[in-house]
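The values are calculated or read from the model by the stated rules, or taken from the named source; none is laboratory data. Since the structure is predicted, the reported quantities are computational estimates derived from the model, not experimental observations. In this analysis, Cβ positions are derived from the backbone assuming ideal geometry, glycine residues included, and neighbour counts consider all displayed protein chains.
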Amino acid sequence: MSRRALHNVLVAAASELGASLRLGVTVETLDDDGDGVDVLFTDGRRERYGLVIGADGLFSKVRAMLWGDAVRPRFTGQSVWRYNFRRRPEVDHLMSFTGPDANAGLVPLADDLMYMYVTSVEPGNPRMETAQLPALMRERLAGFGGLIGELRGEITDPEGVVYKPLEVVFTPEPWHRGRVVLIGDAAHATTPHLGQGAGMAIEDVLVLAEELERGGPLERVFAGYMERRLPRCKYIAETSIQIGEWEMNRVDIDRSPIVRQMVELTAQPI
Ligand SMILES: Cc1cc2nc3c(=O)[nH]c(=O)nc-3n(C[C@H](O)[C@H](O)[C@H](O)COP(=O)(O)OP(=O)(O)OC[C@H]3O[C@@H](n4cnc5c(N)ncnc54)[C@H](O)[C@@H]3O)c2cc1C
């Protein structure tokens, strides 16, 4: 599923439920006095809330405000390059390939759309110039034959290459301070090796909503949230990072049992 398609589903559902969506604005200050949180927004508005949820991703400002510099994203040493193509009929499932220096894959997104990814080791996390991205991605794919090799030459549009250094963060538990709680990547961003980051973020929301519906003081709500989320998020975060390390060190592993275990685990009730 493409990010755009997921966003459309989420925005439509949130709007239907009456959520107020405001873009281009962020939080300036948070003042938690124990009974509520006074929030000053960058557009000058002030509001008071019983609960503030930091869902602002890997570089979360909410996390930085409450946990400070002690909890910061870490570059794992690996990056991922992605490029969209018209889907080939044979790409009807995720295909992954091991090359001499890198791992690549093809992922179907829609009837007529698929993307290619390749991971690479990028010591020092260098800044990549947009104009150079197609040539650099093609370089990372050197040595691949088959379908990957065939498609390599079609990587020509600098704006079409999505380059992401893989950065991770795992906020020490508990993921709440006072009346503020973190969910998703703000709390636990990992590498995409198991493709579970967005899944974990969505599960966080469901569990937090269930715990809020059960009622009781916020302390109880947060305790229920942590108890149900910590083990699974930790497992996904650590296992994903481990796979990335094996890739970077060119350790030849069989991913099937790891993926099977992940699928079995995430199929369990939360
Ligand atoms: C290369 C790559 C491939 C991936 N593939 C997969 C996959 O196949 N499957 C999967 O499940 N996951 C995948 N992930 C992980 C997934 O993208 C994340 O885990 C997921 O997007 C986390 O959702 P989130 O809502 O917590 O954070 P985000 O999606 O990062 O959303 C955070 C939101 O907060 C906003 N924001 C940020 N700062 C502020 C601020 N100061 N004020 C207001 N708003 C702010 C941002 O604009 C953004 O809209 C992948 C990640 C990468 C890097």
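The selection criterion, being under 30 Å from Leu218 (Cβ atoms) and either surrounded by 15 or more Cβ atoms within 10 Å (Cβ to Cβ) or not acidic (Asp, Glu) (or both), holds for Pro172.
Restricting attention to the range 160-167, does a residue exist that is away from the ligand (no atom under 14 Å from the Cβ), at pLDDT 95 or above and of a type outside the set (Ser, Thr, Tyr)? Checked the range 160-167: at least one residue is away from the ligand (no atom under 14 Å from the Cβ), at pLDDT 95 or above and of a type outside the set (Ser, Thr, Tyr). Within the range 228-270, the residues that satisfy the criterion of being surrounded by fewer than 13 Cβ atoms within 10 Å (Cβ to Cβ) and of a type in the set (A, V, I, L, M) are Val251, Ile253, Val263, Ala267, Ile270. Restricting attention to the range 18-56, the residues being at pLDDT below 95 and either hydroxyl-bearing (Ser, Thr, Tyr) or surrounded by 15 or more Cβ atoms within 10 Å (Cβ to Cβ) (or both) number 1. Every listed requirement among (1) modelled with pLDDT of 95 or more; (2) touching a helix residue (DSSP H, G or I) at 6+ places or on another chain (Cβ under 8 Å); (3) more than 9 Å from the ligand (Cβ to nearest atom) is met by Glu247 save one, (1). Of all residues in the range 39-51, those satisfying the criterion of being closer than 13 Å to Thr26 by Cα and either within 14 Å of the ligand (Cβ to nearest atom) or touching a Lys or Arg at 6+ places or on another chain (Cβ under 6 Å) (or both) are Val39, Leu40, Phe41, Thr42, Asp43, Arg45. Scanning the range 12-55 for residues that are in a helix (DSSP H, G or I) and under 28 Å from Arg177 (Cα atoms) yields a total of 1. Of the residues Gly24, Gly77, which single one is touching a residue at least 24 places away in the same chain (Cβ under 8 Å) and at positive phi? Checking each option against the conditions leaves just Gly77. Note on the range 122-161: residues that are surrounded by fewer than 15 Cβ atoms within 10 Å (Cβ to Cβ) and β-branched (Val, Ile, Thr) amount to 2. Between Gly224, Gly197, Gly178, the distinction of being under 20 Å from Arg72 (Cβ atoms) and not aromatic (Phe, Trp, Tyr) belongs to Gly197 only.
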